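A short worksheet on the structure shown next.
The values are calculated or read from the model by the stated rules, or taken from the named source; none is laboratory data. In this text, all values refer to a predicted model and were calculated from it rather than measured experimentally. Neighbour counts are summed over all protein chains in view; Cβ atoms, including those assigned to glycine, are modelled from backbone coordinates with ideal geometry. For accessibility, only protein heavy atoms count, side chains too; no ligands or nucleic acids. Shrake-Rupley method; radii C 1.70, N 1.55, O 1.52, S 1.80 Å.
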Amino acid sequence: MYQLLFFVFAGAAVGFAINLLLQRHPIHSALSLIGVMASLASLYLMLGAEFIAAAQIIVYAGAIMVLFVFVIMLLNAGEEERTQRSRFAKYLGLPLILLLVTSMAAVIYRQVPQDAMVRFGDFPGRTADIGRRLFLNYLLPFEVVSIVILVAIIGTVVLARKDSETEGPGKAVVSEK
Amino acid sequence: MLSEYFSAVDFLVLKPVILLTLFGVGVMLTDLLLEERHRYLSAVTALVGLGFAGVQMWMIQSQMRQAEVNELEAFRGAVRLDHFGIFFFWIFLISSAIAILLAIRYLEIEQEHHGEYYALILFATVGMILLAIGTDLITLFVSLELMVISVYILTGFLRRDRRSNEAALKYLLLGAFSTGILAYGMSLLYGLSNSTNLEEIAFAISQRPAGDPVVLLAVITVATGLFFKVGAVPFHQWLPDAYEGAPTSITAFMSVGPKAAAFAFLLRMFMLPLGPAREQWLPLLIGVAVATMTLGNLAAVSQSNVKRLLAYSAISHVGYILLGLVSGNDTGLKGIAIYLLVYAFMNMGAFAVVVAMRRRDLIGDEIDDMAGLMYKSPTAAVLMMIFLLSLAGIPPTAGFLGKYFIFLSLIESQHFTLAVIAVLYVAVALYYYFRIVAVMFMREPVDWELPTLAPGIRIALGVTAAMTLIIGLYPEPFIQIVSRTVLP
């Protein structure tokens, strides 16, 4: 039962991810991304990480997806145009990726003991545990993240500011008087 | 305020970083009140912030000396302030201060003078400092992101310049991709050790059998991410474009501060968690170092843009610095530290001259724009020659000292072939650096518009030139400082 569920969700995650790349319309890609996130959240839940699973749904499938869809709507993005891709990527890209993934899978598969399986509740993944760790062991990175977010906000303001200050709406009103 | 969560030592170690953050926020707030022509006051505020952080670190150092402790561990092992971290702290402070000094007139000419520039430099400095003192994977990752996100934005700061936009976008996309690979490698390290602390990871890896494929996989993925951040071949493609497109003052900053921080991160990772797997990464590192020197030096020969030429030369310097890690002995690590210190001055000096070449109606970053600089501004031309000689590694300039230690360490560790290759590439480097010198001294000037030697640029040029010569002529005290800097 457990294994069956794992394969269902893992297969769904991979399927949605491939669909994300193949779809030409950005909205369809965005919807596939929700599928990927939801399947991953189920996998986290099966590992007993209920907090990560909930965060995955709320943050990725909720907040970030809404942002994506808004951006797609604002830009009024239509069907994507295929550009002339490089020959190298066209013929060697897929085989090389497959080689990399299979070799990584082989390495990990050989190293991990076959019969061991992680079950619900094997990890200290309760929300309270995560909270304690976050404010004890990882207090510093937690605080630094706030500066990272501040920098990201400054970045959007800097890169999207108006061309010259005289064109701003506030200045225009003053000059009319 | 002090509790189970936050001790007095935590506060002490974090003081310089807190000061820099506060000043960064302060610069943005006061910038709103300033008129266009008083914008230079934001630069002054940012410099004062760097000064405060420097004084604070000086006080921490003297306290550590009095108490006779060599390192302070804080935040339950998330950061460790040791001589290694303090040494890098000073390099970051110098590079940020010079990047601010260079920017004042430059941004005015580009008509993009905004206080956010200075605030972002301070935030990037916070990231760099935490990257150099961090000993925990999560702290390191978050501070790396803080540093690179600030630099992505600064690269695209010239919004009306297509080259700047393109550079920022390329840098962002490739940077995010490499960060993903690095994060995958870090997850493998966590999986191997069930810990995010570097020392515990090192212990767990030393317990694994020799030639363990999972360790090899972790080494390759982590190394790929790190090599990208320092700009080693074959992960260097972003570097020439980003250096050429970024505002020149930011190119100077990127080539010194964030690069030194990436090297501090790389050294910590290779010496601590990956240290026990040295046999596995040594052939990889030798290959990357040789490829980096080869491509950097050979591609620099055919460049016609000064910023691009200096970008490829920066790639070749990465190769030399990696050779210090190849030898891996005390001399090699000392060589890396002194190389990074010297490189900070000579490279920022060379870029300072390029910044001065930017005038109202002239971008000034082609080699041809340098023609006849000797007749227009003898000081700038002579200083540029000193910096270029130092970059090539000719005595009595400081650049010689860095190369000397690296070559010595290679010979001590019996890597004779590598030493010969490295010395041969110095000849190639001399050729392309002297192309610039020849254009400056031999060619007639095309126009008579003088370079803009604004006060900020003058101070930056004076400091960098003085240090390039002082370290070259009287290296004793600097070698002593570096020897005390016990690398991780």
Subject >> Semi-axes of the equivalent ellipsoid for region B:279-400, Cα gyration tensor, largest first, Å >> reply: 31, 16, 10
Subject >> Distant-in-sequence amide H partners of B:GLU366 (H built 1.01 Å from N, under 5 Å) >> reply: B:VAL306
Original post:
Just counting partner chain Cβ atoms within 10 Å, what average do the residues of peptide A:132-142 show around their Cβ?
Top reply: 6
Original post:
Using the Cα atoms of region B:35-79 to build a convex hull, what is its mean projected area in square nanometres?
Top reply: 4.5
Original post:
Accessible area drop of at least 30 Å² (1.4 Å probe, protein heavy atoms): which residues of region A:145-159 qualify, relative to the chain alone?
Top reply: A:ILE147, A:VAL148, A:LEU150, A:VAL151, A:ILE154, A:VAL158, A:LEU159
Original post:
Which whole number gives the average, over all residues in B:189-197, of C-beta atoms from other chains lying within 10 Å of the residue C-beta?
Top reply: 1
**OP:** Determine the total buried accessible area between chain B and chain A, counting protein heavy atoms only with a 1.4 Å probe; round to the nearest 100 Å².
**Re:** 3000
Subject >> Amide H partners (placed H, <5 Å) of B:VAL79, local residues excluded >> reply: B:ALA74, B:THR135
Original post:
What ranking of B:TYR40, B:TYR474 comes out by heavy-atom accessible area, probe 1.4 Å, highest first?
Top reply: B:TYR474, B:TYR40
**OP:** Please work out the average accessible area per residue across the protein assembly as shown, using the 1.4 Å probe convention, and give it in Å².
**Re:** 45
**OP:** Using θ = phi - 60° and the Karplus relation 6.51 cos²θ - 1.76 cosθ + 1.60, list the HN-Hα couplings for region B:431-441 in order, rounded to whole Hz, with x at every Gly or Pro.
**Re:** 4, 6, 5, 6, 4, 5, 4, 4, 4, 5, 9
Original post:
What does the convex hull of the Cα atoms come to per residue for region B:395-470, in Å³?
Top reply: 109
Subject >> Diffusion coefficient, µm² s⁻¹, Stokes-Einstein with Kirkwood Rh over alpha-carbon pairs of region B:110-202 at 4 °C and 1.567 mPa s >> reply: 88
Original post:
Using the Kirkwood radius built from alpha carbon pairs, what does the Stokes-Einstein equation give as D for region B:171-329 at 37 °C and 0.692 mPa s, in µm² per second?
Top reply: 203
**OP:** Scale the Cα Rg of the protein assembly as shown by the rule-of-thumb value 2.2 N^0.38 Å and send over the ratio, two decimals.
**Re:** 0.99
**OP:** Give the distance, in whole Å, between the Cα centre of region B:18-57 and the Cα centre of region B:346-395.
**Re:** 29
**OP:** Can you tell me which of B:94-100, B:185-191 comes out highest on packing, and rank the rest after it, using the mean Cβ neighbours within 10 Å?
**Re:** B:94-100, B:185-191
Original post:
So between B:LEU362 and B:GLU4, what do we pick up on full extension, going 0.36 nm a residue minus the alpha carbon distance?
Top reply: 123.0 nm
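Can you compute the FRET efficiency between B:ILE411 and B:HIS38 using 1/(1 + (r/R0)^6), with r the Cβ-Cβ distance and R0 = 56 Å? Round to the nearest 0.05. Kindly include the intermediate steps, with their values, before the conclusion.
Details: r = 56 Å, r/R0 = 1.00.
The pair B:ILE411/B:HIS38 has a calculated efficiency of 0.50.
Compute the whole-percent fraction of alpha carbon pairs in chain B spaced more than 43 Å apart.
11
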**OP:** Run the numbers on chain B and let me know its relative contact order in percent, using alpha-carbon pairs under 8 Å that are six or more apart.
**Re:** 15
Original post:
Over region A:1-82, one equal point on each Cα, no solvent: what is log10 I(q)/I(0) by the Debye formula at q = 0.13, 0.15, 0.17 Å⁻¹?
Top reply: -0.45, -0.58, -0.70
**OP:** Using the Karplus curve 6.51 cos²θ - 1.76 cosθ + 1.60 with θ = phi - 60°, work out ³J(HN,Hα) for each residue of region B:40-50 in order, rounded to whole Hz, and write x for Gly and Pro.
**Re:** 4, 5, 4, 4, 4, 4, 5, 5, 4, x, 4
Original post:
What full-extension length gain, to one decimal in nm, is calculated for B:ILE109 and B:GLN207 as 0.36 nm per residue of separation minus the Cα-Cα distance?
Top reply: 29.4 nm
Original post:
Just which residues of region B:200-243 lose 40 Å² or more accessible area with every protein chain there, against their chain alone, with the probe set to 1.4 Å?
Top reply: B:PRO213, B:VAL214, B:LEU217
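For a Förster distance of 45 Å, can you work out the FRET efficiency between the beta-carbons of A:LEU159 and A:LEU96, rounded to the nearest 0.05? List each step's numbers first, then the result.
Numbers: r = 34 Å, r/R0 = 0.75.
With R0 = 45 Å, the Cβ-Cβ based efficiency is 0.85.
Excluding B:GLU73 itself, calculate the net charge of residues whose Cβ lies under 13 Å from the Cβ of B:GLU73, where each Lys or Arg counts +1 and each Asp or Glu counts -1.
-3
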Original post:
In a shell of Cβ-Cβ distance under 13 Å around B:LEU198, excluding B:LEU198 itself, what net charge do Lys and Arg (+1) and Asp and Glu (-1) give?
Top reply: -3
Original post:
What ³J(HN,Hα) values, in whole Hz, does the Karplus curve 6.51 cos²θ - 1.76 cosθ + 1.60 give for region B:109-116 when θ = phi - 60°, with x put for Gly and Pro?
Top reply: 5, 6, 6, 10, 7, 10, x, 4
**OP:** Place a +1 charge on the Cβ of each Lys and Arg in the protein assembly as shown and a -1 charge on the Cβ of each Asp and Glu, then give the dipole magnitude about the Cα centre in debye, rounded to the nearest 20.
**Re:** 600
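Just flag the trypsin sites (Lys or Arg not before Pro) in region B:147-253 sitting in loop per DSSP whose Cβ has no more than 10 other Cβ atoms within 10 Å.
Numbers: sites: B:ARG159, B:ARG160, B:ARG162, B:ARG163, B:LYS170, B:LYS229; in loops: B:ARG159, B:ARG160.
Loop-located and lightly packed - B:ARG160.
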**OP:** Mind counting lysine pairs for me in the protein assembly as shown? Cα separation below 20 Å, and the two need to be 8 or more apart along the chain or on different chains.
**Re:** 10
Original post:
Over what distance in Å are the Cα centres of region B:424-488 and region B:86-118 separated?
Top reply: 18
**OP:** Report the relative contact order of region A:1-60, percent, no decimals, based on alpha-carbon pairs under 8 angstrom and at least 6 residues apart.
**Re:** 31
Original post:
Among residues other than A:GLU143 whose Cβ falls under 15 Å from its Cβ, what is the net charge (Lys/Arg +1, Asp/Glu -1)?
Top reply: 0
**OP:** Heads up, I need the accessible area for B:HIS83: 1.4 angstrom probe, whole protein in place, Å², nearest 10.
**Re:** 60
**OP:** Take the solvent-accessible surface of the protein heavy atoms, probe 1.4 Å, and return the percent of it on region B:7-484 that carbon and sulfur atoms account for.
**Re:** 66
Original post:
Relative to the compact globular guide of 2.2 N^0.38 Å, what is the alpha carbon radius of gyration of region B:25-143, as a ratio?
Top reply: 1.22
Original post:
Rg and Dmax of region B:75-114, Cα atoms, in Å?
Top reply: 16.0, 48
